[in-house]
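Take a look at the structure below.
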Amino acid sequence: MFDIKWIRANAEAFDAAVSRRKGSVASSVDLLAIDNRRRDIITRLNEAQEQRNALSKQIGQAKAQKDEARAAELMAEVARLKAFIPQGEADERAVEAELHAALSVIPNLVFDDVPSGADEADNVEYFGRNGTAETAALQRAPKPSFSFAPKEHYDVGVAAREMDFETAARISGSRFVILKGQVARLERALGQFMLDLHTTQHGYIEVQPPLLVRDEALFGTNQLPKFEDDLFFTQHGDNRLALIPTAEVPLTNMVRESILAEEELPLRLTALTACFRSEAGSAGRDTRGMLRQHQFNKVEMVSITTPETSVDEHERMLGCAEAVLQKLGLHYRVMNLCTGDVGFGAKKTYDLEVWLPGQNTYREISSVSVCGDFQARRMEARYRPAGEKQAPRFVHTLNGSGTAVGRCLIAVLENYQQEDGSVLVPEVLQPYMGGLKSIGGQG
């Protein structure tokens, strides 16, 4: 969300920056034309109110001088102004709503170091601020090698038996799955491992947030109005509620309409929740298996920071997500998303893409984004700087998957599969699996 005053003062810079965003047709000329109408209405309203007040005093003076004709003339003019003011106020509300609607669909402006590009094909591999491909390789597990042709997750023996897509489809429709037995336990173990890692080693506070949220919360984290078609809604009395598409929504909105003390920042929150997405526009994509589901589990990380620390926090959060994959021994790469692929609310995004040998490709397993004050303005989330008395400032918000549990399950099944259909359990997960070193067997 943008401040129209900033756009007025930086029109040329705004136009240049927004032109880097794919599909954006916003221009300062159009926005300022709406704002000019708003300002003109406000000016005329103020003038009318001032004139009404001045004439009201003159009425009293005319009556005191027993000039009834003059008093009647003044009263007629006051009546005209009184009739104009409500309509002017209605016009002001209408044009403010028009301006708000126009501003709310403009994507965030990306950082200068975000690579230009049309789509995901133009994303650039990222090796860290001072990293190289060689140093990155030292931190990441290598691609696994197989003496047999690796299968996709849904064909791996134990998963083929314990992933039930047919029953889920009879109950709920397509893009749902029922996990059973050891595969269900492995998925639960992954979520618990991630939560424990982020809370005990990365300084995040565990939260159990609501799974249903109001429109205002979705607007705050920029799911509304642009992504309404990707949400599942339910009705509770006269109130519309949505199932969360990500725990980013309730976690970030925990600071909405509040003023934090600078000493409280950074505020780091994490949650393991179910997430719900309609996957609008994905017809025909990833129709087999668990890659693209309407319901999935995800561990989310959210950070609330000062403006001065958000860029460093972005790098830190990336490291927290990478640690999950490193400890699981999964090969992955990090991509710096280009201007055509960066999400609507982000100023910069890193994607972690895990290697899936069954597909013989990388697939996204986490997105880590810094949003600047874009969401904070939509939520009215501010902080008061320490020291000298200063006006509250907008916080900066960040979010990242730490990681998508279902996709991590897919990665473990494919990377640790054995020829007999069993799957080795990564060492860090064995305590969560009652000491099991493998699951499944012939099948």
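Observations, loosely collected:
- Extension gain for the segment residue 200 to residue 261, taken as residue separation times 0.36 nm less the Cα-Cα distance, is 19.5 nm to one decimal.
- Under 17 Å from the residue 326 label point (7 Å along Cα→beta-carbon), backbone N, region 340-372: 351-355, 366, 368
- Under-5 Å amide H pairs with residue 365, H placed in peptide plane, nonlocal only: 352, 353, 354
- Along region 286-292 the Karplus relation, 6.51 cos²θ - 1.76 cosθ + 1.60 evaluated at θ = phi - 60°, assigns HN-Hα couplings of 6, 6, 9, x, 9, 5, 9 Hz to successive residues, with x for each Gly and Pro.
- Taking a ≥ b ≥ c as the square roots of the eigenvalues of the Cα gyration tensor, the chain is classed as prolate, since a/c reaches at least 1.5 and a/b is larger than b/c.
- Each residue of region 11-22 is assigned a 3J(HN,Hα), and the resulting list reads 4, 5, 5, 4, 4, 5, 6, 6, 5, 7, 8, 4 Hz, derived from the Karplus form 6.51 cos²θ - 1.76 cosθ + 1.60 (θ = phi - 60°), x at Gly and Pro.
- Separation of the alpha carbons by more than 31 angstrom is noted, of 57/389; 298/348; 226/327; 151/347; 5/347; 151/298, for 57/389; 226/327; 151/347.
- Chain lengthening between residue 73 and residue 97 when straightened (0.36 nm per residue, less Cα-Cα): 5.0 nm
- Between amide H atoms placed 1.01 Å from N, distances below 5 Å from residue 117 occur with 339, 340, all of them 5 or more places distant or on a separate chain.
- Residue 148 versus residue 233: modelled label distance in nm, points set 7 Å from Cα along the beta carbon direction: 5.0
- Under 5 Å, built H, 5+ apart or other chain: amide partners of residue 331: 355
- When the trypsin sites (Lys or Arg not before Pro) in region 320-406 are filtered for DSSP coil states and for at most 15 other beta-carbon atoms within 10 Å of their beta-carbon, the remaining sites are 389.
- Label sites at residue 184 and residue 63, each approximated as a point 7 angstrom past Cα along Cα to Cβ, lie 8.1 nm apart.
- Helix 181-200 vs. the chain, principal-axis angle (Cα, 0 to 90°, nearest 10): 60
- Across region 360-367, computed HN-Hα scalar couplings (Karplus, 6.51 cos²θ - 1.76 cosθ + 1.60, θ = phi - 60°) run 6, 7, 8, 9, 4, 10, 7, 10 Hz from first to last residue, x flagging Gly and Pro.
- Least to most buried among 275, 371 (fewest other Cβ within 10 Å first): 275, 371
- Spatial separation of Cα centroids for region 206-283 and region 1-78, in angstrom: 36
- Loop-located GluC sites (Glu not before Pro) in region 315-421, at most 10 other Cβ atoms within 10 Å (DSSP): 388
The numbers here are math on the coordinates, done by the rules we state, and not lab data. Since this is a predicted model, take the numbers as computed values, not measurements. No Cβ is skipped: glycine too gets one built from the backbone with ideal geometry, and neighbour counts run over all protein chains shown.
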